[in-house]
Amino acid sequence: MKVRCTANHLRFRLRKSDVEELSSRQSVRETIHVAPGQSLAFELAIAPAEVAAPSFLEGLLRIALPAAAARHWIETEEVGIELQHRLDNGDVLDILIEKDFPCKHQPQEDKGDTFQELAKKH
């Protein structure tokens, strides 16, 4: 899973294996070890919710995905899910979850775990 963070915007790009894990285990996680004994983890989890519910606790940023939207995205050729979460201070956290396409600028990349077939359609 690739994660990009910019001002109140989170973008997750999932490889085929990530999507399969999300489907079978109901969650997928990526962990970055930043210092001895310290890490930052990102998790997408399918939850019985109607809206996205992010949480952050002990270095884990967890996004609870609405089950219906997640299932539709997993089972179809839909490329992305766009979600918004209103924060207590009135700001909005934008969340974009996408199926990962092969990188055109990295020809050495292993493209077998990307959604090459969808990239050709878009």
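The values are calculated or read from the model by the stated rules, or taken from the named source; none is laboratory data. As the structure is a computational prediction, the values presented were derived from the model and not from experiment. Heads up, the Cβs are rebuilt from the backbone with ideal geometry, glycines too, and the neighbour counts pull from every protein chain shown.
Do we have Pro102 as exposed (fewer than 10 other Cβ atoms within 10 Å of the Cβ) and not small (Gly, Ala, Ser) here? Spelling it out, it is not the case that Pro102 is exposed (fewer than 10 other Cβ atoms within 10 Å of the Cβ) and not small (Gly, Ala, Ser).
Could you list, in sequence order, all residues of segment 91-109 that are at pLDDT below 90 and part of a loop (DSSP other than H, G, I, E, B)? Hits for segment 91-109 are Asp100, Phe101, Pro102, Cys103, Lys104, His105, Gln106, Pro107, Gln108, Glu109.
For segment 54-96, filtered to residues that are touching a residue at least 60 places away in the same chain (Cβ under 8 Å) and within 22 Å of Glu21 (Cβ to Cβ), the residue that is surrounded by the most Cβ atoms within 10 Å (Cβ to Cβ) is Ile95.
Every condition in (1) at pLDDT 90 or above; (2) farther than 14 Å from Glu98 by Cα holds for Ala49 except the one numbered (1). Say whether the condition of being at pLDDT below 95, farther than 23 Å from Ala7 by Cβ and under 14 Å from the mean Cα position of the chain (by Cα) is met by at least one residue in segment 79-89. There is at least one residue in segment 79-89 that is at pLDDT below 95, farther than 23 Å from Ala7 by Cβ and under 14 Å from the mean Cα position of the chain (by Cα).
Whether a residue is touching a Leu at 6+ places or on another chain (Cβ under 6 Å), at pLDDT 90 or above, on the phi < 0 side of the Ramachandran plot and of a type in the set (A, V, I, L, M) was assessed, and Ile74 does not pass this test. Please work out if Pro48 is closer than 15 Å to Ala70 by Cβ and exposed (fewer than 11 other Cβ atoms within 10 Å of the Cβ). Yes, satisfied.
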